[in-house]
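Heads up, the thing below is written out as structure tokens.
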Amino acid sequence: MDSEPEPAVAPPPHIEEQDANEMMDDDDDDATLKKYMRGEPANLEVLKDKKLKTRLSIREEYYGKSAKTAAKADKFLNPSEGGYLETEGLEKSWRIKQEDLRPQLHISSAKNQYDIVLPDLGPYTIDFTANGRYMAAAGRKGHLAIVDMMSLNLYKEFQVGETVRDVAILENEQMFVAAQKKYTYIYNWKGTELHCLKVSLHPCTFTHLKEHGPVLRLQYLKKHFLIATINKFGQLHYQDPTTGEIVGNIRSSLGRCDVMKVNPYNGVTGLGHTGGTVTMWKPTMASPLVKMLCHHGPISSLAFHPNGQLMATSGVDSKIKIWDLRKFEVLQTFSGHAKTLDFSQKGLLAMGMGSTVQISQDFSNSRSYSRYMSHHMVKGYQIGNVRFRPYEDILGIGHSMGWSSIIIPGSGEPNFDTHVANPFQTNKQRREKEVQDLLVKLPPESIMLDPSKVGTMQQVVKKERRKKKDLEDELEDAVENAKSVKMKRKTKGRSKPSKIASKKDELVAKAKRPFLEQDMKEREDLSKKKPKLSHEVELPAALQRFARKEAA
């Protein structure tokens, strides 16, 4: 009697899940490896030269090993990936509201959707620390506050009793600077006034300089430990808070300016002027590095991309433009009057227009921004400034009635380096980082358009040859100076007219000597450069009739 075949035993479900997870991990590894590969491998089978084929195969093997090593390091150093809103069919991401996101968010993320309404103290300006842990808020009516953004606890708040135009956090939450009605003040986290930037000392002569004046905008350069301010007279000041010295005091000569932003890539300060021009400055130069006409009206806001290659500007002419700073040309133009602009760590662009915030994204990495999300405030709220919170998918909004916070998926960097910015640092780690940052503080001379040139050799520039007319003018001036020398009156016949004339001739000859030697040297160099044709050179048949005939 034939035995019935045994039924196939299905593998345990946990084994199937394990195999599926391994397949997904393999797919992720392949995608990461492809990111670090240098394109498709070369086809070496078509080569006939065995030596060349061997060399290229070894090089391709090295490329593959380096890509695998980089992908392996990326797997451990960057465990998290940023996510964006993904739609299906006819859905549009910019139609999704914050109320639609709330049910899908984790409780720790949902608490970051809030509105702080303080109608009697606004409009508000906000700024975040480099690690995104703390926020400084400044009300126009004199209200200053430091808020812990993780626990949403009020760190400190106080009232200064006068107008506050701008605020910026210094190296960490322990100190911040506020541009008040007449002077600029530095406070600590307890609200104690540490310093008033009223009268400064010149770094060389230690004499009193002119006052900063009413500051309209200020920025802090974290890598260089510099406070940059622009006052209502259009004067740009750079001051080092660690020493109290004025590093730069520059007159823009372009009138009142209330638009200011620092490029995080190279430390260059950008100013937007009422004539529609944007100028870029460094503290060690009295003239702008770049001066470009961006709009046909006053500049209302500007922002720099974290990679330093893109700049966004908005003007009163109701246009928003994206600029390529490598070529200084327009890449894209939007319609709209944005009062404030800001780029996130992942390149999203936030634009505050009236009571609406619009966020654009470069989906295809082709430097072409399109609409991603939008948020409408309560009617009547006028947005003053927008700031993306570092290492979080959060956008802070300062408006006329207080400040608000909304969720923007994919805006923040998902992985942080504790040596650069640690949101969970302890007091001991904060103190150690302060000392380390001071030790590696960059000098003001390192601020330039292309910071990659730092540490490279300076190219030898050939000296321009001066014109003959300039040399003749210098020679005449030297001769006149020699003739106008007054001779001392001497005794014993040494002051005879003949003696004085001979001495003046000697002075004139001595003044002419450098010019004559230089002229002779240039002629010798020119004669060496000219090719000498020997009589033995035979000319082509077509040119022999022009050859000079020697006398018989």
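The values are calculated or read from the model by the stated rules, or taken from the named source; none is laboratory data. Worth saying up front: this structure is predicted, and the values here are computed from it rather than measured. FYI the Cβ positions are ideal-geometry reconstructions off the backbone, even for glycines, and counts take in every protein chain you see. Please note that ligands, DNA and RNA were not included when accessible areas were found on the heavy atoms of the full protein model with its side chains. Shrake-Rupley method; radii C 1.70, N 1.55, O 1.52, S 1.80 Å.
Give the stretch 271-297 a look and list any residue that's open to solvent by less than 10 Å² (accessible area, probe 1.4 Å), of a type outside the set (Val, Ile, Thr), outside any loop (DSSP other than H, G, I, E, B) and over 21 Å from Val454 (Cα atoms), or say none.
Matches in the stretch 271-297: Leu271, Gly272.
Which of the residues spanning the stretch 419-437 are of a type outside the set (Ser, Thr, Tyr) and open to solvent by 50 Å² or more (accessible area, probe 1.4 Å)? First the steps, then the outcome.
As a first pass, look at the stretch 419-437 and keep what is of a type outside the set (Ser, Thr, Tyr): 419-425, 427-437.
Those that are of a type outside the set (Ser, Thr, Tyr) and open to solvent by 50 Å² or more (accessible area, probe 1.4 Å): His419, Val420, Phe424, Asn427, Lys428, Gln429, Arg431, Glu432, Glu434, Val435, Gln436.
Got a sec? Which of Glu99, Glu91, Glu81 is under 24 Å from Leu349 (Cβ atoms), at pLDDT 85 or above and part of a loop (DSSP other than H, G, I, E, B)?
Result: Glu91 is the single residue among Glu99, Glu91, Glu81 that is under 24 Å from Leu349 (Cβ atoms), at pLDDT 85 or above and part of a loop (DSSP other than H, G, I, E, B).
Condition check ((1) closer than 25 Å to Ile320 by Cα; (2) within 13 Å of the chain's Cα centre (by Cα)) across all residues:
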| residue | (1), (2) |
| --- | --- |
| Phe233 | no, no |
| Leu236 | no, no |
| Ile246 | no, no |
| Asn249 | no, no |
| Ser252 | yes, no |
| Tyr265 | yes, yes |
| Val268 | yes, yes |
| Lys282 | no, yes |
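Can you tell me which residue is least open to solvent (accessible area, probe 1.4 Å) among those in the stretch 80-128 that are acidic (Asp, Glu) and within 32 Å of the chain's Cα centre (by Cα)?
Asp127
What strands (runs of 3 or more DSSP E) lie completely within the stretch 298-349 and have 3 or more residues being in contact with a Leu (Cβ under 7 Å, 6 or more places away or on another chain)?
Qualifying strands (runs of 3 or more DSSP E): 299-304, 310-315, 319-324.
Filter the strands (runs of 3 or more DSSP E) completely within the stretch 128-208 down to those with at least 2 residues that are closer than 18 Å to Thr243 by Cβ and at pLDDT 90 or above.
So the answer is 175-180, 184-188, 193-197.
Hey, does the stretch 362-375 have a residue that's of a type in the set (Lys, Arg), more than 22 Å from Asn415 (Cα to Cα), touching a strand residue (DSSP E or B) at 6+ places or on another chain (Cβ under 8 Å) and in a strand (DSSP E or B)?
yes
Please verify whether Lys321 is farther than 20 Å from Gln98 by Cα, surrounded by fewer than 19 Cβ atoms within 10 Å (Cβ to Cβ) and at pLDDT 95 or above, treating the condition exactly as stated.
Values: farther than 20 Å from Gln98 by Cα: yes; surrounded by fewer than 19 Cβ atoms within 10 Å (Cβ to Cβ): yes; at pLDDT 95 or above: yes.
Considered against the rule, which asks whether it is farther than 20 Å from Gln98 by Cα, surrounded by fewer than 19 Cβ atoms within 10 Å (Cβ to Cβ) and at pLDDT 95 or above, Lys321 comes out as yes.
Quick test for you: out of Ile447, Ile397, Ile383, Ile407, pick the one residue that is at pLDDT 85 or above, in contact with a helix residue (DSSP H, G or I) (Cβ under 9 Å, 6 or more places away or on another chain) and among the β-branched types (Val, Ile, Thr). Write out each step before concluding.
On the way: Ile447 fails: in contact with a helix residue (DSSP H, G or I) (Cβ under 9 Å, 6 or more places away or on another chain); Ile397 fails: in contact with a helix residue (DSSP H, G or I) (Cβ under 9 Å, 6 or more places away or on another chain); Ile383 fails: in contact with a helix residue (DSSP H, G or I) (Cβ under 9 Å, 6 or more places away or on another chain).
Result of the check over Ile447, Ile397, Ile383, Ile407: Ile407.
Considering each of Ala67, Ala71 in turn, give the residue that is more than 23 Å from Gly410 (Cβ to Cβ) and at pLDDT 75 or above.
Details: Ala71 fails: more than 23 Å from Gly410 (Cβ to Cβ).
Result of the check over Ala67, Ala71: Ala67.
Applying the selection to the stretch 66-79, what residues are out of contact with any Ser or Thr (no Cβ under 8 Å at 6 or more places or on another chain), within 11 Å of Tyr36 (Cβ to Cβ) and either aliphatic (A, V, I, L, M) or open to solvent by 100 Å² or more (accessible area, probe 1.4 Å) (or both)?
Across the stretch 66-79, the qualifying residues are Ala67, Lys68, Ala70, Lys72, Ala73.
One residue is enough: does the stretch 361-368 have a residue meeting the conditions surrounded by fewer than 14 Cβ atoms within 10 Å (Cβ to Cβ), of a type in the set (Phe, Trp, Tyr) and out of contact with any helix residue (DSSP H, G or I) (no Cβ under 7 Å at 6 or more places or on another chain)?
Scanning the stretch 361-368 turns up at least one residue that is surrounded by fewer than 14 Cβ atoms within 10 Å (Cβ to Cβ), of a type in the set (Phe, Trp, Tyr) and out of contact with any helix residue (DSSP H, G or I) (no Cβ under 7 Å at 6 or more places or on another chain).
Does Ile394 qualify as being surrounded by 19 or more Cβ atoms within 10 Å (Cβ to Cβ) and in contact with a Phe, Trp or Tyr (Cβ under 8 Å, 6 or more places away or on another chain)? So that I can check it myself, show each step before the final result.
Working: surrounded by 19 or more Cβ atoms within 10 Å (Cβ to Cβ): yes; in contact with a Phe, Trp or Tyr (Cβ under 8 Å, 6 or more places away or on another chain): yes.
Criteria met by Ile394.
Which number in (1) within 19 Å of the chain's Cα centre (by Cα); (2) surrounded by fewer than 20 Cβ atoms within 10 Å (Cβ to Cβ); (3) under 20 Å from Thr125 (Cβ atoms) marks the one condition that Ala312 misses?
(2)
Residue under question is Leu118, and the condition is that it be at pLDDT 95 or above and over 28 Å from Asp417 (Cα atoms); does it hold?
no
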